[in-house]
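Structure first, commentary second.
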Amino acid sequence: MKRVQIAPRAGYQSRLEEAGLSFHSWDNYWSESVAYEFTLAQVETIEAVAEELHGMAITALKHVIANRQLGRLGINATYHGAIESSFDRGDFSLYGRFDLRYDGVNPPKLLELNYDTPTSILETAVCGWQWMEDVFPMADQFNSLHEKLIEQWKRLPQGPIHVATLRGNEEDWVSGAYLVDTLTQAGHSGHHIVIEEIDYDTERKIFMDRSGRDIETVFALYPWEWMFAEAFGPYIAGSRTRFIEPMWKAPLSSKAILPVMWELFPGHPNLLPAYFEAGKLTSFARKPIYSREGANVTLVQDGRVIAADDGPYGAEGYVEQELCLLPEFDGHYPVIGAWIVGDQPAGMTVRESPNPITTNMSNIVQHYFI
């Protein structure tokens, strides 16, 4: 694993915009001045670890449900039964991502999961692949995300699918537009809508879009913990609308799943010790049970705070995970995002930052393997 200086493609901005990535220049979000070079063995390691961690995460969820422990994960009791039913039915899920600490030498370590609302899919599936074909056509990439998304959509019965994103959120809108593209390639009809315009028919028990069309299936790029707090939240479980991601994915986006996994698989080489209780570790990452993009994370080394990021999260509580600082390459700290589609590993994204906490300002950088 090497960090390699390279020359950006001439006119790469136009290439990105043609693919739909409109916000590539925000805070230098998309970077082509460096890339990470991997060996085939290193890529195979990431792929195998992602597959194993996915199985462990599902095992942890089964354990939480079987032992009536959803409350430990910061989930309101109102929704426990609906989550259990969603899992028992095997409700359709699309994709998720593991964030891994990996230096190319030591075993990858799980930092957290996002099985509910991971973005940066267009950046990986389309833009990253085009970059590799343009710059390193004789190399390869761990990247079958586009093809696997299409194949996963094909597992659903044919019919209209709505993709809902927040009004005014360009990043989410771009992700939603790309998902519409993949589901239409899979043979479905797609409708991109904004979440704020969704209505509910209490008599027919179905959600509707602004045009009055029934929403039979909706992919909502909106975290489950937020939906649980909305006025329409209690209608979801009894509605005729299928939600993707399914409700059973909510516990897997809670940082509280990390100590559960450690309890079930203590000493596993790809896990870090993690606990609900404070005081068990002197060097740790303190993470809100629910948060996104590094917000409200504090890094403590030998009892001293070495990095912290503020934000609006933490009301549900915190967990502490053994400190495992990201590897440093030329003053930058990369994190590996390993994708799962359905139950299969599907590629990876590399983000790096000049700080040890990965945030929404961290750069997307490219990768390839020999």
Over segment 88-142, consider all pairs of different Cα atoms and compute the Kirkwood hydrodynamic radius from their mean reciprocal separation; express it in Å, one decimal. 14.0
May I ask which of 255/287; 255/280; 154/205; 62/109; 109/255 have a Cα-Cα span longer than 19 Å here? 154/205; 62/109
Would you mind computing, in nm to one decimal, how far apart the modelled labels at residue 6 and residue 325 are, each placed 7 Å from Cα along Cα→Cβ? 2.8
Kirkwood hydrodynamic radius of the chain, from inverse mean 1/r over distinct Cα pairs, in Å: 21.2
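Figure the gain on full extension for residue 216 and residue 67 (residue separation times 0.36 nm, minus the Cα-Cα span) and round it to one decimal in nm.
On the way: separation 149, 0.36 × 149 = 53.64 nm, distance 3.23 nm.
Answer, rounded to one decimal: 50.4 nm.
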Two-site label geometry, residue 282 and residue 230: point separation in nm, points 7 Å out along Cα→Cβ: 4.7
Enumerate the lysines that residue 148 could reach by cross-link, defined here as Cα to Cα under 23 Å, with residues fewer than 8 away along the same chain left out. 249
Which trypsin sites (Lys or Arg not before Pro) from segment 187-261 combine a DSSP loop assignment with at most 16 other Cβ atoms within 10 Å? 204, 205, 210, 213, 240
Between residue 33 and residue 138, what FRET efficiency comes out of the Förster formula 1/(1 + (r/R0)^6) with R0 = 22 Å and r the beta carbon distance, rounded to 0.05? 0.60
Can you tell me, using C-alpha contacts under 8 Å and at least 6 residues apart, the relative contact order of segment 232-316 as a whole percent? 19
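Between residue 201 and residue 52, what length in nm is gained on full extension when 0.36 nm per residue of separation is reduced by their alpha carbon distance? Walk me through the numbers on the way to the answer.
Working: separation 149, 0.36 × 149 = 53.64 nm, distance 4.20 nm.
Computed gain between residue 201 and residue 52 is 49.4 nm.
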Sort 228, 23 by accessible area with a 1.4 Å probe, largest first. 228, 23
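Considering only protein heavy atoms, with the full assembly of protein chains and a 1.4 angstrom probe, order 102, 318, 235, 333 by accessible area, largest first.
Working: 102 10, 318 65, 235 100, 333 45 Å².
Sorted by accessible area, descending: 235, 318, 333, 102.
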Can you give the FRET efficiency for residue 130 and residue 359, using 1/(1 + (r/R0)^6), R0 = 35 Å, r = Cβ-Cβ distance, to the nearest 0.05? 0.85
Quick test of the membrane-span-like rule: which DSSP H helices of the chain reach at least 20 Å along their long axis (C-alpha atoms) with mean Kyte hydropathy at least 0.5? 40-66
Per DSSP, loop GluC sites (Glu not before Pro) in segment 125-231 with at most 15 further Cβ within 10 Å: 203, 216, 230
May I ask you to derive the FRET efficiency for residue 315 and residue 177 from their Cβ-Cβ distance with R0 = 30 Å, giving the value to the nearest 0.05? 0.40
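The values are calculated or read from the model by the stated rules, or taken from the named source; none is laboratory data. Everything numeric in this text was worked out from a predicted model, so none of it was measured. So basically every Cβ, Gly included, is an ideal-geometry build from the backbone, and we count neighbours across all protein chains shown. Quick note on the areas: whole protein, heavy atoms, side chains included, nothing else; ligands and nucleic acids left out. Shrake-Rupley method; radii C 1.70, N 1.55, O 1.52, S 1.80 Å.
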